[in-house]
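Reviewing the structure listed below.
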Amino acid sequence: MYKLSQIRQLSSLARFSSAATLVLVTLTSSCTPISTHLTAQSSQTSSKCTPIDPFTKAIGKATNTATLTQSAKSPADWDLVVVGWLEAIAAMESVPVDNPKRAFAQKKVAEYYRNLNIARQKAKNNTPSLSFSSFNNPIFEEQILLYLSYIAAVGTPDILIVGSSRALVGIDPQQLQQALAKQGKGNLKVFNFSVNGATAQFVDFQLRQLLTPEELPQLIIWADGVRAFNSGRGDRTFTSLTKSPGYQEIIAGNRPELPEGESITIDPCEDISGSSISGKENLVAGDNSVAGKMPALRMIKLEGGDGESDSGLLMAKKNNSYSGTAIDANGFLPLDNKFDPKIYYQRNPRVSGSYDADYEPFSFSGEQAVALDRVKAFASEKQIPLVIVNLPLNKDYLDSVRLAREEQFRQLLERQSASGEFVFINLVQEWKNQNQYFTDPSHLNRYGAAAVANFLATKSSIPWPRVKVSKLS
């Protein structure tokens, strides 16, 4: 049984690990001790482990956790309770299907999940935060925290996706990983570091000034559209950033970083032998952020298309179908809603491109063009291939004004990419008639994001990184 100090350490580890990492730590069937780096420490430990009935173990875990519950007061205390219920669930789910205790065990699992959800609510305020001055953008700060935690858990991504909310919801990094593996590219790591409202100036700051050389990927996919490169419109997102104390710290040479944390090992005899498949599935299905305590990301209003604020700080309206879906462990915000024009335009006005602040006034020369040039030069200097993707738009969005601007954008990017500075992929009309791929006229849902990922994986023009021996992704 874990000592209280060990449980506290495990709880601390949980707050700065990926979901997959915690599942491995909690459910591994090996009797080998596991460090925070998942490194085997002894090959002879298995002989010391005593077999234990999972039902008996689960009841013991639940009893101990119920006792902890009685004295839990602070969010940190409730973290311990969360860990305890997770362990009790894992043990109870390990009762074999043909065991006469199975039916009763499954009822206990449901009971434990109810207790777990209560404990999570109690612990919800105990989320990690970025120990750095504010950037005046909570979503950006949470993405930085997640990116640094991702690097700590699995290493620097091979492929980094950047852009605004259209990229945040528009390319599924895990789907891209799987699609590339099927193409024989190996197990590449992909992270989506997009931020609501990001422009070319904002992306320039992310890549050139925020990230250290060790945090840079082998390939950059910059996914967006006309709005991010239009210098004719105001750039409130970047302006707000430059006025922040966090920006001033970056300019002064400081960088956000996470604490080292304590190195821990786990008692090998606490591992659950023969954990059932259903147990693993239920743990993951119950909460994809079991590793948890990754920030409960805010509900956000996606920018673009209606001339509304692109600051990235707005709370979503309850009726706009952009639910509080959490950003996943790879930085992607999956949206389930499918675009239905009849329903959408009952709730939202149909805005012509002539009155869309993303397209009018319009200019491809100015601060955004300068930022694009800086990113191209930086990528070339660092020898990091750059891919710019013009993401899909729905036919309802592509009126004559927007189509004309999109054509100007296509010609500009194709002309610039001819020099070999970057690869340009134009998908703006690729699925314009596929409403099921969109959540609104200018943003993809998770199905569209998967389609984009699958499409990109087949593009031989993209210089995909060569796979390296990597950690868990």
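The values are calculated or read from the model by the stated rules, or taken from the named source; none is laboratory data. The model shown is predicted, which means the values in this text are computed figures rather than measured ones. Positions of Cβ are backbone-derived with ideal geometry, glycine not excepted, and every protein chain shown enters the neighbour counts.
With the requirement that a residue be within 18 Å of ILE52 (Cβ to Cβ) and among the hydrophobic types (A, V, I, L, M, F, W, C), what does the stretch 64-103 give you?
Scanning the stretch 64-103 gives LEU86, ALA88, ILE89, ALA90, ALA91, MET92, VAL95.
Which residue pairs have Cβ atoms under 9 Å apart, sit 6 or more places apart or on different chains, and have a first residue in the stretch 379-391 that is assigned by TED's automatic domain parsing to the domain that holds GLY170 and a second that is among the basic types (Lys, Arg)?
LEU386/LYS376; VAL387/LYS459; ASN390/ARG410; LEU391/ARG166
Can you tell me which of VAL452, VAL401 is at pLDDT 95 or above and either in a helix (DSSP H, G or I) or under 24 Å from PHE202 (Cα atoms) (or both)?
One residue alone meets the criteria, VAL452.
Examine the stretch 422-437 for a residue that is at pLDDT 95 or above, more than 25 Å from GLY353 (Cα to Cα) and either assigned by TED's automatic domain parsing to the domain that holds PRO334 or not hydrophobic (A, V, I, L, M, F, W, C) (or both), and state whether such a residue exists.
yes
Quick one: would you say SER354 is surrounded by fewer than 20 Cβ atoms within 10 Å (Cβ to Cβ), of a type in the set (Gly, Ala, Ser) and not in a helix (DSSP H, G or I)?
Criteria not met by SER354.
Report yes if LYS48 is farther than 18 Å from TYR113 by Cβ, out of contact with any helix residue (DSSP H, G or I) (no Cβ under 9 Å at 6 or more places or on another chain) and either of a type in the set (A, V, I, L, M, F, W, C) or modelled with pLDDT under 95 (or both), otherwise no.
No, not satisfied.
Sort through ALA449, ALA453, ALA457 and tell me the only one that's buried (at least 21 other Cβ atoms within 10 Å of the Cβ), in contact (Cβ under 8 Å) with a residue 60 or more places away in the chain, over 28 Å from PHE362 (Cα atoms) and aliphatic (A, V, I, L, M).
None of the others qualify; the one that does is ALA453.
Which residue, of LEU211, LEU219, LEU207, is free of Cβ contacts under 8 Å to residues at least 24 places away in the same chain and touching a strand residue (DSSP E or B) at 6+ places or on another chain (Cβ under 9 Å)?
LEU211 is the lone residue from the list that is free of Cβ contacts under 8 Å to residues at least 24 places away in the same chain and touching a strand residue (DSSP E or B) at 6+ places or on another chain (Cβ under 9 Å).
What residue, of GLY234, GLY170, GLY186, is in contact with a Leu (Cβ under 9 Å, 6 or more places away or on another chain) and either at pLDDT below 95 or at positive phi (or both)?
Only one candidate qualifies: GLY186.
Could you give every pair whose Cβ atoms fall below 8 Å, whose first residue belongs to the stretch 59-77 and is over 13 Å from ILE118 (Cβ atoms) and touching a residue at least 12 places away in the same chain (Cβ under 8 Å), and whose second residue is surrounded by 12 or more Cβ atoms within 10 Å (Cβ to Cβ) and among the hydroxyl-bearing types (Ser, Thr, Tyr), counting only separations of at least 6 or pairs across chains?
ALA62/TYR112; ALA76/SER11
Would you be able to tell me the number of residues in the stretch 172-198 that are closer than 24 Å to LEU241 by Cβ and either aromatic (Phe, Trp, Tyr) or free of Cβ contacts under 8 Å to residues at least 12 places away in the same chain (or both)?
Count: 2.
Among helices (runs of 4 or more DSSP H) lying entirely in the stretch 110-202, which contain 2 or more residues that are surrounded by fewer than 19 Cβ atoms within 10 Å (Cβ to Cβ) and of a type outside the set (Asp, Glu)?
Counting at least 2 such residues, we get 138-154, 173-182.
Would you mention how many residues in the stretch 83-109 are of a type in the set (Ser, Thr, Tyr) and surrounded by fewer than 21 Cβ atoms within 10 Å (Cβ to Cβ)?
Total meeting the criteria: 0.
Does LEU335 qualify as being under 30 Å from GLY155 (Cα atoms) and of a type outside the set (D, E, K, R)?
In short, yes.
Find the residue count for the stretch 386-413, including only residues that are over 23 Å from the mean Cα position of the chain (by Cα) and over 19 Å from ALA357 (Cβ atoms).
The total comes to 6.
From PHE409, PHE364, which residue is closer than 16 Å to THR199 by Cα, outside any helix (DSSP H, G or I) and among the aromatic types (Phe, Trp, Tyr)?
PHE364
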